[in-house]
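Before any comments, here is the structure.
What follows draws every value from the coordinates through simple rules; no lab data is involved. All of these numbers come straight from a predicted model, not from anything done at the bench. We place every Cβ from the backbone using ideal geometry, glycine too, and count neighbours over all the protein chains shown.
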Amino acid sequence: MIVELGHFTLLLALAVALVQTVLPLVGAQMRWTSWMTVAGPAAIAQALLLAFSFSTLVWAFVTSDFSVRLVVENSHTLKPMLYKVTGVWGNHEGSMLLWCFIVAVFGGLVALFGGNLPDRLKARVLGVQGSIGVAFLSFLIFTSNPFVRLAFPPMNGQDLNPLLQDPGLAFHPPFLYLGYVGLSTSFSFAVAALIEGRVDAAWGRWVRPWTLLAWIMLTIGIALGSWWAYYELGWGGFWFWDPVENASFMPWLISAALLHSAIVVEKREALKSWTILLAILAFGFSLIGAFIVRSGVLTSVHAFATDPERGVYLLAITAFFMGGALTLYAARAGEMQAKGVFGVVSRESALVLNNVLLAVAAFVVFLGTVWPLIAEMAFGRKLSVGAPFFDAAFTPFMVILAAVLPIGSLLAWKRATFGRVLRSLWLAFAGVAVLSALAWGFGSGRGLLAPIGVALGSWLIFGAATDLWGRTGREGLAVRARRALRLPRADWGRVTAHSGLGVTIIGIALMTAWQVEDIRVANEGDTFAVGGYDITLASVEDIRGPNYLSTMAEMRVARNGREVAVLHPEKRVYPVAAMPTTEAAIDNGVFRDIYLVIGDAQAGGGWAVRAYVKPFANWIWAGAIIMALGGGLSLSDRRFRVAAGARKAPSGVPAE
């Protein structure tokens with residue numbers, strides 16, 4: 001009965017979404033206030049209905065209701081409770097229900113916190129958001145219904161993909177979807193502005209918090225996915241340039257560009273057309289990501305489904321929203337004239353360069369991701385585009401971005417001089433030089449990657465500190481420190497996010513340049529040296545987990561005769577799914593990780609063993625956490641809350 005109620009509320013949510021789409025858009029066009037006021041209650045009602053529907057699916061998984069086909073295909077009674085819940089979104093149908101739920105949640109948040117928006121703009125934003133809900137709810141109900149019952153329920157389920165039975169994957173998809181789907185709100189603001197034919201400073205202020213919220217969630221989601229790939233897949237890396245990884249990375253790059261571009265719209269009423277285009281493209285790349293994950297056109301370890309027929313529906317949804325928005329953009333672009341005039345050397349120009357670098361980098365990732373598909377369709381050739389291409393094509397843009405970001409942050413609006421900015425950065429230059437020299441010395445001439453990475457990362461950190469300190473005046477140290485604490489949280493958030501990017505760059509560079517890898521066959525009792533550590537394969541035994549069988553090794557790590565850690569890498573087999581997984585054992589540290597993997601037994605005796613010493617590995621994810629924290633600080637600033645400081649039109653006066 002509960003499952004049927006969930007199905008019914010899903011159908012009811014589609015009907016409410018239709019009302020939310022049609023009435024507010026027509027009302028805004030005809031200036032019918034009563035029709036426009038339907039938008040808010042409809043958005044909240046849709047969110048509540050989908051919250052109930054999603055909860056019933058969670059209930060079905062938690063109680064192991066094997067009369068529901070989706071539960072049978074993605075759960076098992078022996079699974080730990082966390083992974084029963086994870087099974088809700090660890091599949092195509094459940095993940096699409098989560099997608100629809102988040103679309104509705106963002107619409108409900110606009111309804112609740114958009115009180116200062118002009119009535120017509122708010123109605124149009126919620127109307128467009130409702131249309132996105134209609135499209136995906138229709139797709140879910142007619143092609144991917146998660147509530148299908150079985151006439152003859154089995155005694156047990158088929159289990160969840162073992163790779164997804166991990167804490168990192170329990171939280172990674174929800175955060176990623178909050179980012180993906182959150183960009184639908186920026187898209188709705190962009191389309192609503194195009195319909196009205198007006199983009200101004202107030203619009204830039206309104207769109208930024210929603211974009212920032214989505215960007216924060218994407219940052220957390222991507223970091224969790226990278227962390228999971230690092231410790232779960234057993235290959236020792238953190239980013240594979242996999243199509244699904246790229247599908248989340250492209251919206252992140254575009255949304256970062258959108259955040260910076262919206263600043264120019266708000267401060268100078270310039271870059272209006274470009275900012276609208278970025279808002280369209282950010283959500284467009286999210287739709288492309290949904291298509292890649294679910295269509296099967298590109299192979300990925302992260303893919304939920306390989307159903308080309310459902311992929312066609314997603315492609316149609318993408319074509320409809322992207323085609324419609326870009327057509328409207330082409331029709332309205334001439335009306336969005338920039339008002340602000342600025343010099344070549346100015347904060348505006350720096351933000352333009354920032355946007356160009358991020359946008360071109362996203363296009364490079366997109367081209368590399370879809371090129372195998374294009375080559376097969378156009379030339380009949382099967383090929384793959386791997387890390388060497390992406391590293392060579394993408395990295396130069398990030399190097400330039402990191403080099404110019406601190407300078408751009410210190411430039412004045414409208415017109416600035418390089419000399420003054422460079423003089424203010426002399427201490428940062430000194431710090432960068434010292435740390436780069438240290439990296440070169442500790443690296444013992446192993447190449448330029450480490451010193452260059454440290455130089456760029458520390459440049460971002462020192463540049464951010466200089467930016468913050470420069471806003472405290474010229475009085476004594478104590479006075480300036482007190483002023484720093486009183487600076488707006490948006491300022492703190494900006495420098496924190498830029499510093500986080502610097503920390504991540506340092507981590508990537510040092511881990512890549514200095515890691516030590518050892519692959520060998522070892523017998524029980526053997527000791528071997530890796531990167532200054534002595535590693536002993538003490539024992540290997542078979543154990544039984546709650547829903548898996550495991551070959552577990554005990555490996556002892558010592559340095560200079562002192563035991564540092566005892567680690568237990570595993571090779572698991574999940575009998576229900578008949579699938580093996582590798583569980584790396586990692587001794588985490590601030591300045592290094594010891595990473596051990598046990599492989600298969602060898603015909604001649606012994607075990608395949610891989611050992612890595614990875615310097616500064618955790619700085620990669622620490623930097624991502626710092627970036628997300630910086631975004632959260634900015635979002636908490638009163639000036640950047642939704643429509644903060646905006647004036648609503650007086651009662652009875654149409655808001656143009």
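Given axes a ≥ b ≥ c from the Cα gyration tensor, I'd like to know whether region 146-200 is rounded (a/c under 1.5), prolate (a/b larger than b/c) or oblate.
oblate
Trypsin sites (Lys or Arg not before Pro) within region 1-103: which are DSSP loop residues with at most 12 other Cβ atoms inside 10 Å?
Qualifying residues, ordered by number: 31.
Of 79/571; 382/571; 272/414; 571/614; 79/614, which ones are farther than 24 Å apart at the Cα?
382/571; 79/614
Where the centroid of each part is defined by its Cα atoms, how far is region 84-103 from region 554-571 in Å?
39
Under 1.5 on a/c is rounded, so check that first for region 527-627, then, if it is not, pick prolate when a/b is larger than b/c and oblate when it is not; a ≥ b ≥ c are the square roots of the alpha carbon gyration tensor eigenvalues.
oblate
Which aspartates and glutamates have a Cα less than 12 Å from the Cα of residue 339, not counting those fewer than 8 places away in the same chain?
Cross-link targets: 200, 266, 269.
What is the distance in Å between the Cα centroid of region 206-274 and that of region 360-392?
Region 206-274 and region 360-392 have Cα centres separated by 20 Å.
For residue 122, go through the lysines and keep the ones whose alpha-carbon is under 18 Å away, minus same-chain ones fewer than eight residues off.
Candidates past the 8-residue exclusion: 648.
Using the alpha-carbon centroid of each, what span in Å lies between region 178-197 and region 118-158?
After rounding, the separation between the Cα centres reads 19 Å.
Select from region 409-445 those trypsin sites (Lys or Arg not before Pro) which occupy a DSSP coil region and have at most 13 other Cβ atoms within 10 Å, ordered by residue number.
Here no trypsin sites (Lys or Arg not before Pro) fit, given the DSSP loop and packing criteria.
Convert each backbone phi in region 536-546 into a coupling constant with the Karplus relation 6.51 cos²θ - 1.76 cosθ + 1.60 (shift: θ = phi - 60°), then list the ³J(HN,Hα) values in order as whole Hz, x for Gly and Pro.
Per residue, the Karplus-derived 3J(HN,Hα) values read 10, 7, 6, 6, 9, 9, 8, 10, 10, x, x Hz.
Using θ = phi - 60° and the Karplus form 6.51 cos²θ - 1.76 cosθ + 1.60, what ³J(HN,Hα) does each residue of region 161-175 get, whole Hz, x for Gly and Pro?
Per-residue couplings from phi come out as 3, x, 4, 8, 8, 7, x, x, 7, 5, 10, 4, x, x, 5 Hz.
Answer rounded, prolate or oblate for the chain, using the Cα gyration tensor with square roots of eigenvalues a ≥ b ≥ c: rounded when a/c is under 1.5, else prolate when a/b is larger than b/c, else oblate.
Cα axes put the chain in the oblate bin.
How large is log10 I(q)/I(0) at q = 0.16 Å⁻¹ when the Debye formula is applied to the Cα atoms of region 50-168, each weighted equally and without solvent?
For region 50-168 at q = 0.16 Å⁻¹, log10 I(q)/I(0) is -0.76.
Can you compute the modelled spin-label distance between residue 344 and residue 539, with each label point 7 Å from Cα toward Cβ, in nm?
Those two pseudo-labels are separated by 7.3 nm.
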